[in-house]
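Peer 1: Take this structure first; my questions come after.
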Amino acid sequence: MSAPKVLVVLTSHDKLGDTGKPTGWYLSEFAHPYDVLNAASVSLTVASPSGGPSKVDPSSIDAAKDDKISTNFLNSSATKPLFESTHPLSDFVGNPSAIAPYSAIFFPGGHGPMFDLSVSPESQQLVREFWDAGKVVAAVCHGPAALVNVKLSDGSSLLQGRKVTGFTNEEEDQVGLSKVMPFLLEDKLKEAIGTEGGFEKADAPWGEKVVVDAGGRLITGQNPASAKGVGEAILRVITPKV
(Lines give C-alpha, C1' and ligand atoms only; values in the text may rest on other atoms or scores of the structure.)
Protein backbone atom coordinates (compact mmCIF):
# COMPACT_ATOMS: atom_id res chain seq x y z
CA MET A 1 0.00 0.00 0.00
CA SER A 2 1.37 3.42 -0.95
CA ALA A 3 2.09 6.04 1.72
CA PRO A 4 -0.73 8.44 2.57
CA LYS A 5 -0.75 11.93 1.08
CA VAL A 6 -1.86 15.23 2.59
CA LEU A 7 -2.72 18.43 0.71
CA VAL A 8 -1.61 21.50 2.67
CA VAL A 9 -3.26 24.83 1.83
CA LEU A 10 -1.39 28.04 2.66
CA THR A 11 -2.54 31.64 2.41
CA SER A 12 -1.67 33.94 -0.48
CA HIS A 13 -2.32 37.03 1.65
CA ASP A 14 0.68 38.92 3.03
CA LYS A 15 -0.64 42.24 4.39
CA LEU A 16 -1.88 42.61 7.95
CA GLY A 17 -5.02 44.64 7.39
CA ASP A 18 -4.31 48.37 7.17
CA THR A 19 -1.35 48.28 9.58
CA GLY A 20 1.27 48.35 6.84
CA LYS A 21 2.83 45.26 8.41
CA PRO A 22 3.38 41.94 6.65
CA THR A 23 1.66 38.68 7.50
CA GLY A 24 1.27 35.24 5.95
CA TRP A 25 1.31 31.71 7.33
CA TYR A 26 2.74 30.85 10.75
CA LEU A 27 6.02 28.96 10.57
CA SER A 28 5.70 26.48 13.43
CA GLU A 29 2.12 25.63 12.48
CA PHE A 30 3.36 24.11 9.23
CA ALA A 31 6.82 23.01 10.36
CA HIS A 32 5.74 20.87 13.31
CA PRO A 33 2.94 18.95 11.54
CA TYR A 34 5.30 18.49 8.59
CA ASP A 35 7.93 17.05 10.93
CA VAL A 36 5.43 14.53 12.33
CA LEU A 37 4.00 13.53 8.96
CA ASN A 38 7.25 13.46 7.03
CA ALA A 39 8.85 11.21 9.66
CA ALA A 40 6.03 8.74 8.98
CA SER A 41 6.67 8.90 5.21
CA VAL A 42 3.49 10.86 4.51
CA SER A 43 3.79 12.82 1.26
CA LEU A 44 2.75 16.49 1.37
CA THR A 45 1.73 18.72 -1.52
CA VAL A 46 1.19 22.45 -0.95
CA ALA A 47 -1.36 24.70 -2.62
CA SER A 48 -2.50 28.31 -2.20
CA PRO A 49 -5.18 30.48 -3.80
CA SER A 50 -2.74 32.17 -6.19
CA GLY A 51 -0.08 29.47 -6.47
CA GLY A 52 3.61 30.33 -6.50
CA PRO A 53 5.36 31.69 -3.39
CA SER A 54 3.40 31.84 -0.14
CA LYS A 55 4.85 34.25 2.39
CA VAL A 56 5.69 33.15 5.92
CA ASP A 57 4.77 35.69 8.61
CA PRO A 58 8.06 37.34 9.66
CA SER A 59 6.90 37.52 13.27
CA SER A 60 6.59 33.73 13.31
CA ILE A 61 10.19 33.41 12.14
CA ASP A 62 11.32 35.54 15.05
CA ALA A 63 9.13 33.57 17.47
CA ALA A 64 10.75 30.33 16.27
CA LYS A 65 14.38 31.44 16.43
CA ASP A 66 15.12 28.85 19.14
CA ASP A 67 12.90 26.17 17.58
CA LYS A 68 15.17 23.86 15.60
CA ILE A 69 12.31 22.06 13.84
CA SER A 70 10.94 25.35 12.49
CA THR A 71 14.27 26.91 11.54
CA ASN A 72 15.35 23.73 9.74
CA PHE A 73 12.04 23.66 7.89
CA LEU A 74 12.39 27.31 6.85
CA ASN A 75 15.93 26.96 5.56
CA SER A 76 16.24 23.41 4.26
CA SER A 77 16.56 22.92 0.51
CA ALA A 78 14.27 19.91 0.95
CA THR A 79 11.37 21.94 2.35
CA LYS A 80 11.71 25.49 0.96
CA PRO A 81 10.20 24.51 -2.43
CA LEU A 82 7.01 23.46 -0.61
CA PHE A 83 6.11 27.06 0.19
CA GLU A 84 8.12 28.85 -2.49
CA SER A 85 6.42 27.01 -5.37
CA THR A 86 2.86 26.20 -4.31
CA HIS A 87 0.24 24.82 -6.67
CA PRO A 88 -2.78 27.03 -7.37
CA LEU A 89 -6.01 25.77 -5.82
CA SER A 90 -7.46 25.65 -9.33
CA ASP A 91 -5.30 22.59 -9.99
CA PHE A 92 -7.47 20.64 -7.54
CA VAL A 93 -10.92 22.24 -7.40
CA GLY A 94 -13.57 20.35 -9.37
CA ASN A 95 -11.03 17.67 -10.28
CA PRO A 96 -11.84 14.41 -8.48
CA SER A 97 -8.85 12.62 -9.98
CA ALA A 98 -6.53 15.34 -8.62
CA ILE A 99 -7.73 14.95 -5.02
CA ALA A 100 -8.20 11.18 -5.14
CA PRO A 101 -4.66 10.36 -3.92
CA TYR A 102 -5.01 12.55 -0.82
CA SER A 103 -6.28 11.35 2.55
CA ALA A 104 -6.53 14.79 4.16
CA ILE A 105 -6.48 18.53 3.60
CA PHE A 106 -4.72 20.70 6.19
CA PHE A 107 -4.77 24.45 6.79
CA PRO A 108 -1.93 25.94 8.88
CA GLY A 109 -2.64 29.26 10.54
CA GLY A 110 -1.11 32.69 10.59
CA HIS A 111 -3.26 35.78 10.13
CA GLY A 112 -3.22 35.50 6.33
CA PRO A 113 -6.03 32.89 6.14
CA MET A 114 -8.35 35.30 7.95
CA PHE A 115 -8.24 37.57 4.90
CA ASP A 116 -8.24 35.19 1.93
CA LEU A 117 -9.02 31.56 2.75
CA SER A 118 -12.03 32.56 4.86
CA VAL A 119 -13.78 33.97 1.79
CA SER A 120 -12.19 32.01 -1.07
CA PRO A 121 -14.87 30.19 -3.11
CA GLU A 122 -12.20 27.83 -4.46
CA SER A 123 -10.97 26.92 -1.01
CA GLN A 124 -14.52 26.40 0.24
CA GLN A 125 -15.35 24.16 -2.72
CA LEU A 126 -12.18 22.15 -2.23
CA VAL A 127 -12.99 21.55 1.45
CA ARG A 128 -16.49 20.44 0.48
CA GLU A 129 -15.09 18.05 -2.13
CA PHE A 130 -12.66 16.53 0.38
CA TRP A 131 -15.47 16.16 2.90
CA ASP A 132 -17.89 14.64 0.40
CA ALA A 133 -15.19 12.14 -0.56
CA GLY A 134 -14.88 10.98 3.04
CA LYS A 135 -11.48 12.55 3.63
CA VAL A 136 -10.03 14.32 6.68
CA VAL A 137 -10.29 18.12 7.07
CA ALA A 138 -7.78 19.64 9.52
CA ALA A 139 -6.71 23.14 10.56
CA VAL A 140 -4.76 24.85 13.33
CA CYS A 141 -4.85 28.28 15.02
CA HIS A 142 -6.23 30.74 12.40
CA GLY A 143 -6.41 27.92 9.84
CA PRO A 144 -10.02 27.13 10.81
CA ALA A 145 -10.90 30.49 9.22
CA ALA A 146 -10.90 28.47 5.99
CA LEU A 147 -13.77 26.36 7.37
CA VAL A 148 -16.16 28.92 8.85
CA ASN A 149 -18.01 29.68 5.61
CA VAL A 150 -17.92 26.22 4.04
CA LYS A 151 -21.33 24.92 3.05
CA LEU A 152 -21.96 21.25 2.29
CA SER A 153 -23.90 19.92 -0.68
CA ASP A 154 -27.16 20.08 1.32
CA GLY A 155 -26.57 23.75 2.15
CA SER A 156 -25.71 23.18 5.81
CA SER A 157 -22.53 24.50 7.39
CA LEU A 158 -19.62 22.06 7.50
CA LEU A 159 -19.17 22.95 11.15
CA GLN A 160 -22.83 22.87 12.19
CA GLY A 161 -23.18 20.82 15.36
CA ARG A 162 -19.47 20.01 15.49
CA LYS A 163 -16.88 20.31 18.23
CA VAL A 164 -14.03 22.61 17.16
CA THR A 165 -11.31 24.90 18.41
CA GLY A 166 -9.22 27.73 17.02
CA PHE A 167 -7.39 30.93 18.03
CA THR A 168 -9.41 32.42 20.86
CA ASN A 169 -10.64 35.97 21.36
CA GLU A 170 -8.45 36.25 24.45
CA GLU A 171 -5.36 35.19 22.50
CA GLU A 172 -6.18 37.67 19.73
CA ASP A 173 -6.55 40.41 22.34
CA GLN A 174 -3.20 39.49 23.85
CA VAL A 175 -1.40 39.89 20.52
CA GLY A 176 -3.17 43.22 20.03
CA LEU A 177 -4.79 42.36 16.70
CA SER A 178 -8.49 42.00 17.47
CA LYS A 179 -9.32 45.33 15.82
CA VAL A 180 -7.19 44.53 12.77
CA MET A 181 -8.91 41.25 11.93
CA PRO A 182 -11.88 41.16 9.55
CA PHE A 183 -13.66 39.09 12.22
CA LEU A 184 -12.84 37.29 15.45
CA LEU A 185 -12.28 33.62 14.74
CA GLU A 186 -13.76 32.31 17.99
CA ASP A 187 -16.97 34.28 17.36
CA LYS A 188 -17.22 33.06 13.77
CA LEU A 189 -16.60 29.44 14.74
CA LYS A 190 -19.32 29.63 17.40
CA GLU A 191 -21.69 31.08 14.82
CA ALA A 192 -20.93 28.27 12.36
CA ILE A 193 -21.30 25.42 14.86
CA GLY A 194 -24.58 26.72 16.24
CA THR A 195 -26.22 25.70 19.49
CA GLU A 196 -25.71 21.98 18.88
CA GLY A 197 -21.94 22.25 18.59
CA GLY A 198 -19.20 23.19 20.99
CA PHE A 199 -16.19 25.52 20.90
CA GLU A 200 -13.47 24.03 23.09
CA LYS A 201 -10.29 25.68 24.35
CA ALA A 202 -7.37 25.05 26.67
CA ASP A 203 -7.70 25.96 30.34
CA ALA A 204 -5.41 28.97 29.79
CA PRO A 205 -4.46 31.05 26.72
CA TRP A 206 -1.66 29.55 24.62
CA GLY A 207 -2.18 26.08 26.09
CA GLU A 208 -2.29 23.08 23.80
CA LYS A 209 -5.75 22.00 22.63
CA VAL A 210 -6.59 19.62 19.81
CA VAL A 211 -10.20 18.66 19.07
CA VAL A 212 -11.07 15.62 16.96
CA ASP A 213 -14.69 15.23 15.86
CA ALA A 214 -16.82 13.52 13.21
CA GLY A 215 -15.18 10.16 13.73
CA GLY A 216 -11.72 11.61 13.18
CA ARG A 217 -12.59 13.47 10.00
CA LEU A 218 -12.57 16.98 11.52
CA ILE A 219 -9.38 17.95 13.37
CA THR A 220 -8.73 21.43 14.77
CA GLY A 221 -6.01 22.93 16.97
CA GLN A 222 -6.20 26.11 19.03
CA ASN A 223 -2.82 27.80 18.60
CA PRO A 224 0.87 27.28 17.78
CA ALA A 225 1.32 24.99 20.79
CA SER A 226 -1.29 22.68 19.26
CA ALA A 227 0.38 22.28 15.85
CA LYS A 228 2.34 19.11 16.63
CA GLY A 229 -0.75 17.55 18.16
CA VAL A 230 -2.77 18.31 15.04
CA GLY A 231 -0.10 16.59 12.95
CA GLU A 232 -0.21 13.58 15.25
CA ALA A 233 -4.02 13.46 15.07
CA ILE A 234 -3.95 13.58 11.27
CA LEU A 235 -1.39 10.78 11.21
CA ARG A 236 -3.45 8.56 13.51
CA VAL A 237 -6.49 8.87 11.28
CA ILE A 238 -4.87 8.47 7.87
CA THR A 239 -2.34 5.75 8.71
CA PRO A 240 -3.56 2.43 7.31
CA LYS A 241 -4.50 0.02 10.06
CA VAL A 242 -2.47 -3.17 9.80
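Peer 1: Take the residues in the stretch 113-130 that are open to solvent by less than 20 Å² (accessible area, probe 1.4 Å) and not in a helix (DSSP H, G or I); name whichever of them is farthest from Glu200 (Cα to Cα).
Peer 2: If we filter the stretch 113-130 for residues that are open to solvent by less than 20 Å² (accessible area, probe 1.4 Å), which is where we start, we get 113-114, 117-118, 120, 123, 126-127, 130.
Retained after the next criterion (residues that are not in a helix (DSSP H, G or I)): 117-118, 120.
On the way: Leu117: 22, Ser118: 20, Ser120: 25 Å.
Once the filter is applied, the top-ranked residue is Ser120.
Peer 1: Please go through (1) closer than 23 Å to Ala145 by Cα; (2) out of contact with any Leu (no Cβ under 6 Å at 6 or more places or on another chain); (3) surrounded by 15 or more Cβ atoms within 10 Å (Cβ to Cβ) for Ala47 and return the number of the only condition it doesn't satisfy.
Peer 2: (2)
Peer 1: Does the stretch 204-220 include one or more residues that are in contact (Cβ under 8 Å) with a residue 40 or more places away in the chain, closer than 30 Å to Pro4 by Cα and over 18 Å from the mean Cα position of the chain (by Cα)?
Peer 2: At the first step, the residues of the stretch 204-220 found to be in contact (Cβ under 8 Å) with a residue 40 or more places away in the chain are 209-211, 213-214, 216-220.
Checking which are closer than 30 Å to Pro4 by Cα leaves us with 209-211, 213-214, 216-220.
Filter once more, so that each one left must be over 18 Å from the mean Cα position of the chain (by Cα): none.
The answer is no, given that none of the residues of the stretch 204-220 is in contact (Cβ under 8 Å) with a residue 40 or more places away in the chain, closer than 30 Å to Pro4 by Cα and over 18 Å from the mean Cα position of the chain (by Cα).
Peer 1: Looking at (1) touching a strand residue (DSSP E or B) at 6+ places or on another chain (Cβ under 6 Å); (2) under 16 Å from Gly109 (Cα atoms); (3) of a type in the set (A, V, I, L, M), which one does Ala192 not meet, given that it meets all the others?
Peer 2: Against the list (1) touching a strand residue (DSSP E or B) at 6+ places or on another chain (Cβ under 6 Å); (2) under 16 Å from Gly109 (Cα atoms); (3) of a type in the set (A, V, I, L, M), Ala192 comes up short only on (2).
Peer 1: Can you tell which of Phe183, Phe199 is aromatic (Phe, Trp, Tyr), at pLDDT 95 or above, touching a Ser or Thr at 6+ places or on another chain (Cβ under 7 Å) and within 22 Å of Val127 (Cβ to Cβ)? Even if it seems obvious, please write down each step before you answer.
Peer 2: Numbers: Phe183 fails: touching a Ser or Thr at 6+ places or on another chain (Cβ under 7 Å).
The match here is Phe199.
Peer 1: Still on this structure: Is the stretch 71-89 home to any residue that is closer than 18 Å to Leu189 by Cβ and of a type outside the set (S, T, N, Q)? Walk me through how you get there before you give the answer.
Peer 2: Our first condition is that a residue be closer than 18 Å to Leu189 by Cβ; within the stretch 71-89, this holds for none.
No, the stretch 71-89 contains no residue that is closer than 18 Å to Leu189 by Cβ and of a type outside the set (S, T, N, Q).
Peer 1: Scan Ser123, Ser103, Ser118 and give me the residue that is in contact with a helix residue (DSSP H, G or I) (Cβ under 9 Å, 6 or more places away or on another chain), under 20 Å from Leu235 (Cα atoms), in contact (Cβ under 8 Å) with a residue 60 or more places away in the chain and not β-branched (Val, Ile, Thr). Outline the logic, then answer.
Peer 2: Values: Ser123 fails: under 20 Å from Leu235 (Cα atoms); Ser118 fails: under 20 Å from Leu235 (Cα atoms).
Step by step, each of Ser123, Ser103, Ser118 is checked, and only Ser103 is in contact with a helix residue (DSSP H, G or I) (Cβ under 9 Å, 6 or more places away or on another chain), under 20 Å from Leu235 (Cα atoms), in contact (Cβ under 8 Å) with a residue 60 or more places away in the chain and not β-branched (Val, Ile, Thr).
Peer 1: Helices (runs of 4 or more DSSP H) wholly in the stretch 1-111 with at least 1 residues that are in contact with a strand residue (DSSP E or B) (Cβ under 9 Å, 6 or more places away or on another chain) and β-branched (Val, Ile, Thr) - which ones?
Peer 2: Working: elements: 27-39, 58-63, 68-75, 80-84, 96-99.
Answer list for the stretch 1-111: 96-99.
Peer 1: Hey, any hits in the stretch 221-233 for a residue that's farther than 30 Å from Phe73 by Cα and at pLDDT 95 or above? Break it down into steps so the answer makes sense when it comes.
Peer 2: Of the residues in the stretch 221-233, the ones farther than 30 Å from Phe73 by Cα are none.
No, the conditions are met nowhere in the stretch 221-233.
Peer 1: Counting only residues that are touching a His at 6+ places or on another chain (Cβ under 8 Å), give me the helices (runs of 4 or more DSSP H) lying completely in the stretch 131-242 with at least 2 of them.
Peer 2: Working: elements: 169-174, 185-193, 227-238.
Correct list: 227-238.
Peer 1: Of the conditions (1) at positive phi; (2) without any contact (Cβ under 8 Å) to a residue 40 or more places away in the chain, Lys21 fails just one. Which one is it?
Peer 2: (1)
Peer 1: With the requirement that a residue be open to solvent by 40 Å² or more (accessible area, probe 1.4 Å), more than 16 Å from the chain's Cα centre (by Cα) and at pLDDT 95 or above, what does the stretch 139-154 give you? Talk me through it step by step, then tell me what you get.
Peer 2: Quick first cut of the stretch 139-154, residues open to solvent by 40 Å² or more (accessible area, probe 1.4 Å) only: 149, 151, 153-154.
From what's left, more than 16 Å from the chain's Cα centre (by Cα): 151, 153-154.
Lys151 - this is the single residue of the stretch 139-154 that is open to solvent by 40 Å² or more (accessible area, probe 1.4 Å), more than 16 Å from the chain's Cα centre (by Cα) and at pLDDT 95 or above.
Peer 1: Could you look through the stretch 187-225, keep only residues that are out of contact with any Gly (no Cβ under 9 Å at 6 or more places or on another chain) and among the acidic types (Asp, Glu), and pick out the one that is surrounded by the fewest Cβ atoms within 10 Å (Cβ to Cβ)?
Peer 2: Result: Asp203.
The values are calculated or read from the model by the stated rules, or taken from the named source; none is laboratory data. Only a predicted model underlies this, so the values are computations on that prediction, with no experimental measurement involved. Positions of Cβ are generated from backbone atoms using ideal geometry, with glycine treated the same way; all protein chains shown enter the neighbour counts. SASA here: full protein model, heavy atoms, side chains in, ligands and nucleic acids out. Shrake-Rupley method; radii C 1.70, N 1.55, O 1.52, S 1.80 Å.
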